[in-house]
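Below: the structure, in structure tokens.
The values are calculated or read from the model by the stated rules, or taken from the named source; none is laboratory data. Treat the numbers as computed from the prediction; the structure is a model and nothing was measured. In this analysis, Cβ positions are derived from the backbone assuming ideal geometry, glycine residues included, and neighbour counts consider all displayed protein chains.
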Amino acid sequence: MPRKTASAMYGNLDLIILHTLSTSGPCHGLGIIDAIEAGSDGSMRVEDGALYRALHRLESDGFLKAEWRISDKNRKAKFYALTATGKTELKRAQQEWTRHTETVSKILGIGWETSR
Amino acid sequence: MSDGQRWRRLLRITFNKGHASEQVDDELRFHIESLVERLVSQGKSEEDARREVMARFGSYMKTRSSLVRAAARHTLTTSRHRYLDGARQDLRLSLRSCLKHPGFSGLVVLILALGIGACSALFSVVDSVLLNPLPFPESKRLVHIGTTRHGGTPGDFTTPEFRELHANAKTLESYAAYRYTEISLRVGQEPGLYSAAAITKDYFDVFGIHPFLGRAFVEEDFDNTGAPTVILSFGIWQQQFGADPDIVGTAIATAGRYAEDTPSVTIVGVMPRGFTSPANIWVPERMTGTWWEEEYMFTNWTHWTAARLADDYEVEDANAEVETIAATLAATYPQYYGGRYYEGRSIGAVPLLDHVVLGYRSSIWLLFGAACLLLFLAIASLSGMYLARALDRRQEIAVRSALGAGRGRIGRQLVTEAILTSLIGSVLGTLLAAGGVQAFRLLAPAGFPRLDSVSLDLSTVVFACILALLSGLLCGVVPLVLGDRTTPAFPLHSGTRASDGARATRLRGILIGAQVALTTYLLVGAGLLANNFWRLQDVHPGVQTEGLLVMPIQIPDRHETAEEYTGFLVDVVRRVNAVPGVVSASWTPDPPMYGGWWHPEVVLGGMARDDEPVNLRAHPVGPDFFQIMGIPILDGRGISEEDASGNRLIAVVDEIFARRFFPSRSPLGARLRFDPEDGASPWHTIVGVVGSTRIRSLAEEPMPQVYVPALQRTQTYAQSRIVIRSALPATNLAPMLQDAVWQADPNVPVPIPENIEERISADMRDPRFHAVLLGFFSLSAAAVTLSGIYGLMSYVVTGRTREIGIRSALGAGAIHVLWTVSRPSFVLIFVGLAAGIAAAAGTSRLLGALLFAITPLDVPTFGFVAGGLGLTALFACLVPAWRATRIEPTETLRWE
């Protein structure tokens, strides 16, 4: 996926989406953006187009399933939820992230316990 | 564009891309509108808010189009998956539901297997007998040529006409005559009798097949001066001569007609495997004898003829040419082509295949038609049964429907189930067809053409599979059409079925009516054949069959004069009479049931000659013939040893002759003579009247017959038959008979005598064959139809459960309710019966050729079929209706 921002976290958008959905439950695109923003205390803002492209890709990879529902404001919205394979993928991606950050932290001489 | 791209493009078009972009737009619209709303609520103007939101996308249009592309790809893959998953699920559900109702599934499979099996088996017969070309090179160019009468099919032929055509026909490349006969050969120790064909020189050229060992016949073989030669069939070469590769040139002893002066024949060739004819041995037809050339041979139909068309000519050309030649002959010999006996005589040519299957073509199509009707009825009935079954499954289907299965999805499931059962049915049906073909070969009458080639082949299996798929589709789809239009899924709420469409009701009516009509039609046909067969069994052959044996005997050619000929037979019969176990023996060339080919003109002394040609048979018979055969002597006396040459010429007539020519007085003492046109034929005095016998077949009309003492005849024959009244079975008698005959002449073959009952049984094979096959088809059809009617009635009655409940609650009696519910079906059954009977009455004369003992409009048969089918059909209607009246009214209404 081409990088559109300088954010280091951006490359891990998939992981972030999967994680967000696993904590929030089924959610539409805007909800996910809000949740990510809230979860990062406003420090991370995902570009809207990039988010939807990621959502669609995750859906066709079978990690997400989509469903049309009526939102709280009575609008038709597409809700995404984790599938069983999505949950497995989340676990795998989390471990990979941990290993990756541990390695980078060691190299940079940063204590890794805090990042756990 | 590569093929792959083309295909992908094609597939992509089928999965709606517009649908994908709509979804993307919907999703993004929600996103944008929600954000705009949020920003407006924070105090921004809507215009600003909208601009800000769009900015968040970077390029909105780019994002949108990439999303649409991704979504379309996704839709494509998922719908493929969904389709396959659906099919897998259909199959699983179908299997499960089949296993859950083994009775229903079993019945369905059985009914289909019956229909498919019957249809495939008969298709095999049609294919291998009527459609497959004969097993000769370019066999389409082979024609059969023979005498026609009043433009009918060409039959057998006379030698002068053959000679004329052979010399003059331009449309024929090669042309041969042949005649079936028998030849006795001494292979090993014992003389045996073999079926043979006497053929003219071009015979093997006509068929395009030549001996693979040795040579074909050459000019010298047809020359009376040369040594007699024979060509063997592959089968007889293997069985009787141990497939000896050096067989050519071997001489074998013979006693038959072809021995003439030398007592042996030389084998000059062996035909390749697969060249079959009723004959096992071919001998040259020697054309030098006087009988070949004499003019009187114009009235002796002795041969069959076959020709190969010359290039550039078709059968029509050959037919036109032989008709022209016939006209020329008729101008030269008007006495043989007109007048009292030969009116309408001409010559015709037809494809050889037509001649081979002649007499069976229509009966094969008839049976195939019956089998197809059976399959059609099977499918119709299954539709009814599926409909009824769908009712039982209302709950299941409604639940699935409620859980989100679409109408199409449920329809597909029902069709899958029907196709699955019909595939199983077709596998079983193919097995049945294989068995059916074997049964067919066993049942088929002796003269059935090309029986050896009848087998279940690949095309039949393909045919069966197509039938299975079609019937599966039909069985699955028809209930959807016949069921409720609005809810094919048969809803939970049965009350809605009251609004059942008029169209569906009408279609159901047509289905029931048509089934009943077709079944009636089939049953009448089968009934006529069965009744015909039944009555034939009551026909008495006119002889006492028990312990009556018949043994053919070849007269060696050295007995040339009448005295030698008669002397030989008297000697043989005297020795046979001495065999222990033989009560009495005599001889005649043609005993009852063995045919009669002597049909002379007869003139009675002192009476005006009858202007009508008399169809009559005469037989030369040995002493005590009537006593041995068990033919009752009704008046006067029989024929004894006293009636020899030199004594007064006598004749014995049968009761039909007596009734016809002497209706008011006894024929005893009257005189008759044969073939008066010969001029000087002697008078015979009638001395006795005997009972009538069947000449060739029980199926024939009995005709007048005259018997004269064989001892007073001067005519000789190549073959005669010894008739024996025996106290022992034929097999026990055979070795002693051999010894007795061989004491008279060791070169005469002595086959095991045949009990005349075997002959009668063989004669019954043809009517039995048709009666059994058509009977099987029509009874199956009846069973199948009744199942279908029962199914449909159950459906209809269940649909009216509420109405029945209300009627009962309002105090209607059970009989009244029953009547109300079943009346429409009664009408349908009645109409169907009437239509079936009318159709059968209109076409049953097509069966005419197969009926002997009854007329095509046999009232008892029609009545029996109408009554029997009508009653059972009414019963099939009444049972579901009666069950409906048993339901408690309150219970019915609780459904609401």
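For residues that are within 14 Å of chain B (Cβ to nearest Cβ) and among the aliphatic types (A, V, I, L, M), tally how many sit in the range A:67-93.
2
Does B:Gln544 satisfy being part of a helix (DSSP H, G or I) and either closer than 30 Å to B:Leu367 by Cβ or in contact (Cβ under 8 Å) with a residue 24 or more places away in the chain (or both)?
On the way: part of a helix (DSSP H, G or I): no; either closer than 30 Å to B:Leu367 by Cβ or in contact (Cβ under 8 Å) with a residue 24 or more places away in the chain (or both): yes.
In short, no.
Just to be sure before I move on: is B:Glu758 more than 27 Å from the chain's Cα centre (by Cα) and among the acidic types (Asp, Glu) in the structure I sent?
So B:Glu758 does not fit the description; no.
Residue by residue, here is whether (1) surrounded by 23 or more Cβ atoms within 10 Å (Cβ to Cβ); (2) out of contact with any Lys or Arg (no Cβ under 9 Å at 6 or more places or on another chain); (3) over 24 Å from B:Leu367 (Cβ atoms) holds:
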{"site": "B:Ser124", "(1), (2), (3)": "yes, yes, no"}
{"site": "B:Leu142", "(1), (2), (3)": "yes, no, yes"}
{"site": "B:Gly146", "(1), (2), (3)": "yes, yes, yes"}
{"site": "B:His150", "(1), (2), (3)": "no, no, yes"}
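State yes or no: is B:Ile804 outside any helix (DSSP H, G or I), at pLDDT below 85 and on the phi < 0 side of the Ramachandran plot?
No.
Check the range B:449-463 and report whether any residue there is more than 28 Å from B:Leu373 (Cβ to Cβ) and either modelled with pLDDT of 50 or more or in a helix (DSSP H, G or I) (or both).
yes
Taking the range B:189-228, which residues are under 20 Å from B:Ile247 (Cβ atoms) and in a loop (DSSP other than H, G, I, E, B)?
B:Gln189, B:Ile209, B:His210, B:Pro211, B:Phe212, B:Arg215, B:Ala216, B:Phe217, B:Val218, B:Gly226, B:Ala227, B:Pro228
When you check B:Tyr341 against the structure, is it surrounded by fewer than 16 Cβ atoms within 10 Å (Cβ to Cβ) and more than 30 Å from B:Glu173 (Cα to Cα), yes or no?
So B:Tyr341 fits the description; yes.
What pairs come out if I take residues in the range B:58-73 that are more than 7 Å from every other protein chain (Cβ to nearest Cβ) and pair them with residues that are assigned to a helix (DSSP H, G or I) whose C-beta lies under 6 Å away, six or more apart or interchain?
Short answer, once both residue conditions are applied: B:Tyr60/B:Met54; B:Val68/B:Ala20; B:Val68/B:Ser21; B:Val68/B:Val24; B:Ala72/B:Lys17; B:Ala72/B:Ala20.
Has the range B:71-92 got at least one residue that is at pLDDT 75 or above, assigned to a helix (DSSP H, G or I), of a type in the set (A, V, I, L, M) and over 40 Å from the mean Cα position of the chain (by Cα)?
Yes, there is a match, as at least one residue in the range B:71-92 is at pLDDT 75 or above, assigned to a helix (DSSP H, G or I), of a type in the set (A, V, I, L, M) and over 40 Å from the mean Cα position of the chain (by Cα).
For every residue, the table says whether it meets (1) surrounded by 23 or more Cβ atoms within 10 Å (Cβ to Cβ); (2) farther than 29 Å from B:Ala727 by Cα.
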residue: B:Val516; (1), (2): yes, yes
residue: B:Thr520; (1), (2): yes, yes
residue: B:Gly525; (1), (2): yes, yes
residue: B:Leu528; (1), (2): yes, yes
residue: B:Trp534; (1), (2): no, yes
residue: B:Asp538; (1), (2): no, no
residue: B:Val550; (1), (2): no, no
residue: B:His559; (1), (2): no, yes
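Consider B:Trp742 carefully, then state whether it is of a type in the set (Phe, Trp, Tyr) and either within 28 Å of the chain's Cα centre (by Cα) or under 30 Å from B:Val573 (Cβ atoms) (or both). Give the derivation first.
Details: of a type in the set (Phe, Trp, Tyr): yes; either within 28 Å of the chain's Cα centre (by Cα) or under 30 Å from B:Val573 (Cβ atoms) (or both): yes.
Criteria met by B:Trp742.
Exactly one of these conditions fails for B:Ala197: (1) buried (at least 20 other Cβ atoms within 10 Å of the Cβ); (2) of a type outside the set (Ser, Thr, Tyr); (3) modelled with pLDDT under 90. Give me its number.
(3)
Would it be correct to say that B:Gly791 is at negative phi, more than 29 Å from the chain's Cα centre (by Cα) and assigned to a helix (DSSP H, G or I)?
yes
Consider B:Ser184 carefully, then state whether it is under 34 Å from the mean Cα position of the chain (by Cα), of a type outside the set (Val, Ile, Thr) and at pLDDT below 90.
Numbers: under 34 Å from the mean Cα position of the chain (by Cα): no; of a type outside the set (Val, Ile, Thr): yes; at pLDDT below 90: yes.
For B:Ser184, the condition - under 34 Å from the mean Cα position of the chain (by Cα), of a type outside the set (Val, Ile, Thr) and at pLDDT below 90 - is not met.
Quickly run through the range B:1-47 and pick out the residues that are loosely packed, with under 13 Cβ neighbours inside 10 Å, acidic (Asp, Glu) and either under 21 Å from A:Gly29 (Cβ atoms) or at pLDDT 80 or above (or both).
B:Glu46, B:Glu47
Suppose the filter is out of contact with any helix residue (DSSP H, G or I) (no Cβ under 7 Å at 6 or more places or on another chain), at pLDDT below 90 and farther than 21 Å from B:Gly155 by Cβ; does B:Glu173 pass it?
So B:Glu173 fails the test.
Search the range B:37-57 for residues being closer than 18 Å to A:Lys73 by Cβ and within 11 Å of chain A (Cβ to nearest Cβ), and hand back the single one that is farthest from the chain's Cα centre (by Cα).
My answer is B:Arg38.
Of all residues in the range A:41-70 being of a type in the set (A, V, I, L, M, F, W, C) and more than 12 Å from the chain's Cα centre (by Cα), which is surrounded by the fewest Cβ atoms within 10 Å (Cβ to Cβ)?
As a first pass, look at the range A:41-70 and keep what is of a type in the set (A, V, I, L, M, F, W, C): A:44, A:46, A:50-51, A:54-55, A:58, A:63-64, A:66, A:68, A:70.
Subset that is more than 12 Å from the chain's Cα centre (by Cα): A:66, A:68, A:70.
Numbers: A:Ala66: 19, A:Trp68: 13, A:Ile70: 10.
Filtering the range A:41-70 for residues that are of a type in the set (A, V, I, L, M, F, W, C) and more than 12 Å from the chain's Cα centre (by Cα), the one surrounded by the fewest Cβ atoms within 10 Å (Cβ to Cβ) comes out as A:Ile70.
Quick one: A:Ile33 ticks every box in (1) part of a helix (DSSP H, G or I); (2) away from every other protein chain (no Cβ under 14 Å); (3) at pLDDT 85 or above bar one, so which box is it?
If we test A:Ile33 against (1) part of a helix (DSSP H, G or I); (2) away from every other protein chain (no Cβ under 14 Å); (3) at pLDDT 85 or above, just (2) comes out false.
Do we find that A:Tyr52 is within 14 Å of chain B (Cβ to nearest Cβ) and touching a Cys at 6+ places or on another chain (Cβ under 7 Å) in this structure?
Taking the combined requirement at face value, the residue does not satisfy it.
Taking the conditions exactly as written (touching a helix residue (DSSP H, G or I) at 6+ places or on another chain (Cβ under 6 Å) and either of a type in the set (A, V, I, L, M, F, W, C) or within 13 Å of another protein chain (Cβ to nearest Cβ) (or both)), does B:Leu91 satisfy them or not?
For B:Leu91, the condition - touching a helix residue (DSSP H, G or I) at 6+ places or on another chain (Cβ under 6 Å) and either of a type in the set (A, V, I, L, M, F, W, C) or within 13 Å of another protein chain (Cβ to nearest Cβ) (or both) - is not met.
What number goes with the only condition from (1) loosely packed, with under 14 Cβ neighbours inside 10 Å; (2) at pLDDT below 85 that A:Ala84 does not pass?
Just one mismatch for A:Ala84, condition (2).
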